[in-house]
Ligand SMILES: Nc1ncnc2c1ncn2[C@@H]1O[C@H](COP(=O)(O)OP(=O)(O)O)[C@@H](O)[C@H]1O
Ligand SMILES: [Mg+2]
C-alpha cells in the first residue's frame, strides 16, 4: 500500500491540482481511504539552506507589508470564513425562512446573536443567557455562533469559565448589515448533565432590548465559493497578510494540501516555530478551525462540554472537532504533539474508516463527518514535551517538513545582511553546532524593530533573543557579518 501511495501521489496531486485550481477547495471530495492503509510518508518543503554566502548588501527596497499581526498559538481560534456581512446576492425568488439546523439558519442565528450584543454594548452574556434572549434557541447553536463571531472580530470573549461574550466595535456593523430571519428553532428539552467542568453561577447581565426579527436569511458564508486560483500565485490569509506558496511534490504546498484533503489523507506539518506552518494551513484552508494544543488540552476542548443555563440546567456546547465534522471543515490541531495521547484518541474515530465519533458526554450522540472534514496537524519537534506518538504518527500518512524559506525573506524585502546571518546560523544549526537560528518570523520581527528602533537595535535584539547557550556563536557570526561587536539589547545609564 505504501508503494502504491508513493507511486500514485505525485500524479494524484497534479491531476487534482488542475481540478482544484478553479474549484472550491472541498468541492470534489472523494471517499477517504482508511489512513491505517497508508504508512507515514515524509515530504519536505524548501530545504534549510547550506550556503552561507550571499551577495553584499544593496540598498534596501521598501519591504512588503505582512498584514495584521500574527496570532500566536495560545488560544483556540477559528479561521474566519468569508465575511458574513458582504453584500447579499439578489434573491431569485421570494425569501423563505431557513430550515432549522441548515447552513442558512446558522448564518441567520449568527446575525441575530450579533444584534443582541450590538444592542447591549458593555454588557456581557453567557451562552445560556444569549440563547434565552434570542428566543430560547439551542445553547449549542448559540455557543457556536458566539465562537464564530468572536473568531471574526464581531464579538469578544470576556471570560472562559463560564464563557461570556460582549460586543466589539465591529459587532454593530455586523448586526446592522446582516439580514436575519425570524426564529424557527425552539429550545430542546434540557439534557441531564453527565458531568460538568464546574461552571460558576452565571454573571448577571442587564436585560437587553428585544431582538427584532427580520425577514430574510443571510447566505451561509461557508457556502461561498473559493475564488479561482492558478495554483501558484500569492494567496490572502484571513488576517489580511499574503501567503507565497512554496514547492511541494512537484506542485505547490497549497495545492498539495488541498488535494490531500480531497483524497482524505491527513497531513502533519513539522518544523521549528516561525517557519510557516500556520500560514500554510490558513492559506490552503480558509475554513480551518484551529485548536492550539498544550499539555492541558482535554477531550472536552475538542468535543465540547456542558454549560450552565440561568435556570440551573445544563446544555451541551459542541467543541471544534464536532463543529468541523458537522460543517465539513478543516480542523487544524496546532502543536498536536503537546496534547496528551489519551485526549488525541478522541479524535481518531473521526479520522478513521467510518468517520464517526461518539460523544459519550452527550447522551452517546453519534457525530458523522460531513464531506470536506479534514484534519491537519502541526508539530514542533524541539519544543519541550512534544511527543510524536506511534498512534498519532500512523494517523498522519503524509508528514511534511516546514523550514524557513530564506529566499522568500528576501522577496519580502527583509534586510539582506539579516537574511545572510540567519542563513549562516541555520547552516550551523543543521550541523549541530547550535540549537537555534532565526526563522522567518524572527526576520519579519527584525524588520519591524529596524523600522521602529533602528537597525542597531534590531541587531542587538536578534542577539538578545538567541538562547543563552547559542549567544556566543550568534555574536561571532554578527561580528563577522557587520565588522563590529553587537551586544544584546539592554537599558543603559540614566539619561
Ligand atoms: N510562504 C509564506 N508567505 C508569506 N509569509 C509567510 C510564509 N511563510 C511564513 N510566513 C510568515 O512567517 C511568519 C511565521 O509563520 P507561521 O505560519 O506563524 O509559522 P509557524 O506556524 O511555523 O510557527 C508569519 O509572519 C507568516 O506570515
Ligand atoms: Mg504556528
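Values computed for the structure shown
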read-out: Some residue of the range 105-117 being within 20 Å of residue 288 (Cα to Cα) and at pLDDT 80 or above; value: yes
read-out: From 439, 399, residue being under 30 Å from residue 347 (Cβ atoms), crowded, with 21+ Cβ neighbours inside 10 Å and within 16 Å of ligand 1 (Cβ to nearest atom); value: 439
read-out: Qualifying residue in the range 370-382 (condition: surrounded by fewer than 19 Cβ atoms within 10 Å (Cβ to Cβ), within 16 Å of ligand 2 (Cβ to nearest atom), outside any strand (DSSP E or B) and touching a residue at least 40 places away in the same chain (Cβ under 8 Å)); value: yes
read-out: Residue that is nearest to ligand 2 (Cβ to nearest atom) [pool: residues in the range 240-268 that are more than 20 Å from residue 371 (Cβ to Cβ) and in a loop (DSSP other than H, G, I, E, B)]; value: 241
read-out: Which listed residue is at pLDDT 75 or above, in contact with a strand residue (DSSP E or B) (Cβ under 6 Å, 6 or more places away or on another chain) and assigned by TED's automatic domain parsing to the domain that holds residue 113, from 156, 141; value: 156
read-out: Flag if residue 245 is out of contact with any strand residue (DSSP E or B) (no Cβ under 9 Å at 6 or more places or on another chain) and within 30 Å of residue 445 (Cα to Cα); value: no
read-out: Strands (runs of 3 or more DSSP E) contained in the range 269-356 and holding at least 2 residues in contact with a strand residue (DSSP E or B) (Cβ under 8 Å, 6 or more places away or on another chain) and within 15 Å of ligand 2 (Cβ to nearest atom); value: 289-292, 330-334
read-out: Members of the range 118-137 found to be touching a helix residue (DSSP H, G or I) at 6+ places or on another chain (Cβ under 9 Å) and modelled with pLDDT under 80, listed by number; value: 137
read-out: Residue match in the range 410-418 (condition: crowded, with 20+ Cβ neighbours inside 10 Å and part of a helix (DSSP H, G or I)); value: yes
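Let's see how each residue does on (1) buried (at least 22 other Cβ atoms within 10 Å of the Cβ); (2) away from ligand 1 (no atom under 14 Å from the Cβ):
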{"position": "252", "(1), (2)": "yes, no"}
{"position": "257", "(1), (2)": "yes, no"}
{"position": "276", "(1), (2)": "yes, no"}
{"position": "281", "(1), (2)": "yes, no"}
{"position": "287", "(1), (2)": "yes, yes"}
{"position": "294", "(1), (2)": "no, yes"}
{"position": "297", "(1), (2)": "no, yes"}
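The values are calculated or read from the model by the stated rules, or taken from the named source; none is laboratory data. Quick caveat, the model's predicted, so the values are computed rather than measured. Reconstructed Cβ throughout: ideal geometry from the backbone, glycine too, with neighbour counts over all protein chains shown.
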